[in-house]
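The values are calculated or read from the model by the stated rules, or taken from the named source; none is laboratory data. The model shown is predicted, which means the values in this text are computed figures rather than measured ones. When we count neighbours, we look across all protein chains shown, and the Cβ atoms used for this are built from the backbone with ideal geometry, even at glycine. Heavy atoms of the whole protein, side chains included, go into the accessibility calculation; ligands, DNA and RNA do not. Shrake-Rupley method; radii C 1.70, N 1.55, O 1.52, S 1.80 Å.
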Amino acid sequence: MADSRFFKNAGPFALAQIAEAAGAEIVNAESCDHLITDVAPLEQASPDTLSFLDNRKYLEAFKETKAGACIVSPDMVDHAPDGICLLVTKTPYHAYARVAQLFYPSQNGQGNVSAAAHISKSATVHETADVAAGAVIEDNADIAAGCVIAANAVICKGVTICANTQIGPNASIANAIIGSNTIIHAGVRIGQDGFGFAMGLGGHEKVPQLGRVIVGDHVEIGANTTIDRGTGPDTTIGNGTKIDNLVQIAHNVQIGQNCVLVSHVGISGSTELGDFVLLAGQVGVAGHLKIASGTRVAAQSGVMRNIPVAQEMGGSPAKPVRKWLKEVATLERLAQKKKD
Amino acid sequence: MADSRFFKNAGPFALAQIAEAAGAEIVNAESCDHLITDVAPLEQASPDTLSFLDNRKYLEAFKETKAGACIVSPDMVDHAPDGICLLVTKTPYHAYARVAQLFYPSQNGQGNVSAAAHISKSATVHETADVAAGAVIEDNADIAAGCVIAANAVICKGVTICANTQIGPNASIANAIIGSNTIIHAGVRIGQDGFGFAMGLGGHEKVPQLGRVIVGDHVEIGANTTIDRGTGPDTTIGNGTKIDNLVQIAHNVQIGQNCVLVSHVGISGSTELGDFVLLAGQVGVAGHLKIASGTRVAAQSGVMRNIPVAQEMGGSPAKPVRKWLKEVATLERLAQKKKD
Amino acid sequence: MADSRFFKNAGPFALAQIAEAAGAEIVNAESCDHLITDVAPLEQASPDTLSFLDNRKYLEAFKETKAGACIVSPDMVDHAPDGICLLVTKTPYHAYARVAQLFYPSQNGQGNVSAAAHISKSATVHETADVAAGAVIEDNADIAAGCVIAANAVICKGVTICANTQIGPNASIANAIIGSNTIIHAGVRIGQDGFGFAMGLGGHEKVPQLGRVIVGDHVEIGANTTIDRGTGPDTTIGNGTKIDNLVQIAHNVQIGQNCVLVSHVGISGSTELGDFVLLAGQVGVAGHLKIASGTRVAAQSGVMRNIPVAQEMGGSPAKPVRKWLKEVATLERLAQKKKD
């Protein structure tokens, strides 16, 4: 069902092949002996496409889907409509991710370099990398195999981009080393000066920012997000970390592996996050803090102190989430008592 | 008074012509028998320019203005300075908008295509569209009549831009269909991957994002705003909706008609807004919610539940605004009681 | 220690020369009679490099540093490790800023204009300005001596950029006059339409935005920040003001001198800030307000009223910070009393 103007479908595939990619068990296989041509949402699916159910909110849509096959968890099997084939797994969303990747594999570079790209003679661009029109690759930059540099992106002098990494349109990367299999979306800004000033009544004196940005492998960085380079130490983003759109990461911040930072999060200078930290939308974190691996912070919270042990936090100033919710409930009760 | 380096004035105009555009009634016409050359703020206006009064905060400036003519509401007539001509209407700001459009009409494309634009041979660019230097139009993109594509903008493969729509400098549009008479400002990012991962302790698996972004007619999208494409369903923005700068709209969000989203608003995935919803600055809305038409949410609020009926909301978590303000007042009173 | 792929070191320098730049007094000079080759963080410094201590959080690192010389405040002298030379000053961070500038001076333009830049014939580019590949300079724009226009930046028609100002990659500047010695980072958007609509049930009518953006000297504007032009009056940014990444400044806002606006701050239309106002991260300020010089607002606060006298504010709605903290403490206490 994906619009063929934008997406290239690698299918069709037989159900057995899909089940293998999904790591799922086939139930009711006899009802689906034809090839599956595509994936589709429950409401739009047809007998030759496959869908998935991951969120109980969509149970009604599942009961009425016309999909030929559907990925579900074991407890959903009994709710299936008649004549549907099921791919059953305890992790249906993961399974769907792998099936969708089967139909729509990520495209690495193929060696297509536009005549309208501007590539410095001292830059190195691997023969399998793509560079689109208007992209600028400055002196001594190094673009590895399979990279895709989109239109009007700017790779500044000396930057290294490792294999199979994608840089979106109009993004700019400076003073940085970017790992492999990483996706940097449109308009991302990496490696500009951090916000470093010696403040005073005579004006604010600029402090040269002499560090870099080091981004790991399998990282994703959302559109128009900004990551400043370090002051002397580096700003670092660990392997597997996923960053949403419009996030701000200040100088010297160190982010561990597999963290998730949702849109509009802001992290102040020199703060360190462990691994698997989740910051929901619009969370702010003050500077020079240490946040333990596994910490989860609710949307719009303001973290002002170290979080030495993994926990769920909420509120501004942030506190353990149960404490925060109790305060919310207490204030609600007290306000109701007052007549007005 | 507008700087002629930047703005081209279509005037002068006679007062009667201006009153007709404004839909206003002329009072004290005899004091203004000359042509009006321009519009200007109250403090800067001169006898041959026209101003307007919409906000009572500026009443003093109105009393002292040297404007030759002024658009006002009926209750302001008695406060007018001597010798000024008035254009009286119940909706002075609307009237001013139309008069300012008379003097400074929006410019559609005239068929100016820069030799320094990079246009794919398979793209279609209407003969009346403008394409500026450094702009990139990729394969099979379709740019309709009267469009203006500014410098270094990127229109990715297969994208359709309908008539008289403007795309600002350095903006990038992918996987999208954009309506007519829409304005997309500088640095906007439309159609990149949504933030879709199957999360787990072994790392976060990328879920291919197979939908599009569908933007209606007469929409305005502010600078550096980001709108992710859908996961399979589309992300949609209804006709007449106005979105400010640095707003985040996640995958599958559906926004109705004539909504107003102020700067730094963030809307999480799959949430649906009705028509005429107003979200003030820095509001966050959680995912998978339904917000009724006509809902208004105060700045910095955090919407965590469905809003089934139009109302004013405030606070984080958001609640009806009167309840929120009562809680604010209650806490203030309780804190004052405590000595410290 | 700075990576030579990205940073060009103007050193080495003798200690006396460094002390003069720092405005600091040398203590224990005999232990450092060799040239200093670079600056470095305490943990990474070696005997031929210089470091600094400004934040007591890093006292332990100071005690163990291997730096040959270190800038410190007088009360830190007794904590110095053996054999280190000290540069003693009451303002160590300012002193470090000046020393780092000595080693890594800011680079003005040298007259390098890329053959791949797109410069209108009617534009004026000073013979000492740099213009990188893909940059677009439109009609009648004026780029003064020593400016640096980075790759894929867009300087729209009629814009003036004064001497020694730097415009980052993919930034776009329209309808604006930019002062001298100012730094505008990657992806900044200046001068696009403000968010001006006459709202109504028949739809929202666009109000032409006829003002400009006037940016002073020695200003810094962070990556992907957006500054809308005025509606008729101008939007103005005073000399010496420093603005972080992803900040939103609406039409007609007037910001005084030497203000500091941290990331994700949003300022609504027509608000005026005095001088030396500090807004911490994610602060929102409503429209049409006046904020006194010297005001400081804590992170995530929401300013909804005028602040006529300099003070520290916090909370949403913002109030004097002591009052806000008392409310936070009061609610915490009341919630603890309730059993649940």
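What's the total number of residues in region C:4-16 that are surrounded by 15 or more Cβ atoms within 10 Å (Cβ to Cβ) and without any contact (Cβ under 8 Å) to a residue 40 or more places away in the chain?
Of the residues in that region, 3 qualify.
Is one or more of the residues making up region A:24-36 of a type outside the set (Val, Ile, Thr), more than 14 Å from chain B (Cβ to nearest Cβ) and closer than 30 Å to B:THR160 by Cβ?
No, region A:24-36 contains no residue that is of a type outside the set (Val, Ile, Thr), more than 14 Å from chain B (Cβ to nearest Cβ) and closer than 30 Å to B:THR160 by Cβ.
For A:ASN140, are the conditions met, namely being facing chain C (nearest Cβ under 9 Å) and free of Cβ contacts under 8 Å to residues at least 60 places away in the same chain?
yes
Quick one: would you say C:VAL219 is at pLDDT 95 or above, of a type in the set (A, V, I, L, M) and touching an Asp or Glu at 6+ places or on another chain (Cβ under 9 Å)?
Judged against the criteria, C:VAL219 is not a match.
Are there any pairs with C-beta distances below 9 angstrom linking a residue in region C:204-224 that is not assigned by TED's automatic domain parsing to the domain that holds C:LYS242 to a residue that is buried (at least 24 other Cβ atoms within 10 Å of the Cβ) and assigned to a strand (DSSP E or B), with the two at least 6 apart or on different chains, and if so which?
If the second residue must be buried (at least 24 other Cβ atoms within 10 Å of the Cβ) and assigned to a strand (DSSP E or B), no pairs are left.
Cβ-Cβ below 6 Å, separation at least six or inter-chain, first residue in region B:108-135 and at positive phi, second in a loop (DSSP other than H, G, I, E, B) and crowded, with 23+ Cβ neighbours inside 10 Å: which pairs?
B:GLY134/A:GLY134; B:GLY134/B:ALA151; B:GLY134/B:ASN152; B:GLY134/C:GLY134
I'm trying to understand the selection: among the residues of region B:226-245, which are assigned to a loop (DSSP other than H, G, I, E, B) and at the interface with chain C (Cβ under 9 Å from one of its Cβ atoms)?
Correct list: B:ASN239, B:GLY240, B:THR241, B:ASP244, B:ASN245.
In region A:311-340, which residues are without any contact (Cβ under 8 Å) to a residue 12 or more places away in the chain, open to solvent by 30 Å² or more (accessible area, probe 1.4 Å) and polar (S, T, N, Q)?
A:GLN336, the sole residue that qualifies.
Would you confirm whether or not region C:305-325 contains a residue that is over 27 Å from B:LYS57 (Cβ atoms) and assigned to a loop (DSSP other than H, G, I, E, B)?
no
Is it the case that region B:63-86 has a residue that's more than 9 Å from every other protein chain (Cβ to nearest Cβ), within 30 Å of A:ALA117 (Cβ to Cβ) and not small (Gly, Ala, Ser)?
Looking for residues that are more than 9 Å from every other protein chain (Cβ to nearest Cβ), within 30 Å of A:ALA117 (Cβ to Cβ) and not small (Gly, Ala, Ser), one finds none in region B:63-86, hence no.
Looking at region C:201-217, is at least one residue at the interface with another protein chain (Cβ under 8 Å from one of its Cβ atoms), part of a strand (DSSP E or B) and buried (at least 24 other Cβ atoms within 10 Å of the Cβ)?
Within region C:201-217 (the criterion being at the interface with another protein chain (Cβ under 8 Å from one of its Cβ atoms), part of a strand (DSSP E or B) and buried (at least 24 other Cβ atoms within 10 Å of the Cβ)), the answer is no, since none of the residues qualifies.
Hey, among the residues in region A:97-111 that are facing another protein chain (nearest Cβ under 8 Å) and over 17 Å from the mean Cα position of the chain (by Cα), which one's farthest from A:PHE6 (Cα to Cα)?
Filtering region A:97-111 for residues that are facing another protein chain (nearest Cβ under 8 Å) and over 17 Å from the mean Cα position of the chain (by Cα), the one farthest from A:PHE6 (Cα to Cα) comes out as A:PHE103.
Pick from A:ALA186, A:ALA163: which is more than 9 Å from chain C (Cβ to nearest Cβ), assigned to a loop (DSSP other than H, G, I, E, B) and either out of contact with any strand residue (DSSP E or B) (no Cβ under 6 Å at 6 or more places or on another chain) or under 21 Å from A:GLY256 (Cα atoms) (or both)?
Of the residues listed, the single one that is more than 9 Å from chain C (Cβ to nearest Cβ), assigned to a loop (DSSP other than H, G, I, E, B) and either out of contact with any strand residue (DSSP E or B) (no Cβ under 6 Å at 6 or more places or on another chain) or under 21 Å from A:GLY256 (Cα atoms) (or both) is A:ALA163.
Kindly evaluate B:THR65 against the criterion of being under 16 Å from B:CYS85 (Cα atoms) and in contact with a Gly (Cβ under 9 Å, 6 or more places away or on another chain).
no
Across region C:149-160, which residue is farthest from the other protein chains (Cβ to nearest Cβ) among those that are out of contact with any Phe, Trp or Tyr (no Cβ under 9 Å at 6 or more places or on another chain) and surrounded by 24 or more Cβ atoms within 10 Å (Cβ to Cβ)?
The extreme case among them is C:ILE149.
Among the listed residues C:ASN252, C:ASN224, C:ASN181, identify the single one that is farther than 29 Å from A:GLU138 by Cβ and modelled with pLDDT of 95 or more.
Exactly one residue qualifies, and that residue is C:ASN252.
C:VAL303 - would you say it is within 23 Å of A:PHE197 (Cβ to Cβ) and more than 14 Å from chain A (Cβ to nearest Cβ)?
Yes.
Of all residues in region A:131-147, which are within 13 Å of A:GLY111 (Cα to Cα) and surrounded by fewer than 24 Cβ atoms within 10 Å (Cβ to Cβ)?
Answer for region A:131-147, where residues must be within 13 Å of A:GLY111 (Cα to Cα) and surrounded by fewer than 24 Cβ atoms within 10 Å (Cβ to Cβ): A:ALA132, A:ALA144, A:ALA145, A:GLY146.
So which residues in region C:280-310 are in contact with a helix residue (DSSP H, G or I) (Cβ under 9 Å, 6 or more places away or on another chain) and surrounded by fewer than 22 Cβ atoms within 10 Å (Cβ to Cβ), if there are any at all?
C:HIS288, C:ARG296
Looking at A:GLY281, A:GLY315, which one is at the interface with chain B (Cβ under 10 Å from one of its Cβ atoms), farther than 30 Å from A:ILE214 by Cβ and of a type in the set (Gly, Ala, Ser)?
Matching residue, one of A:GLY281, A:GLY315: A:GLY315.
Would you tally the residues in region C:167-191 being over 12 Å from B:ASN170 (Cα atoms), crowded, with 24+ Cβ neighbours inside 10 Å and of a type in the set (S, T, N, Q)?
So the count comes out to 2.
Of the residues that sit in region C:246-261 and are farther than 24 Å from A:LEU201 by Cβ and assigned to a loop (DSSP other than H, G, I, E, B), which one is farthest from the other protein chains (Cβ to nearest Cβ)?
C:HIS251
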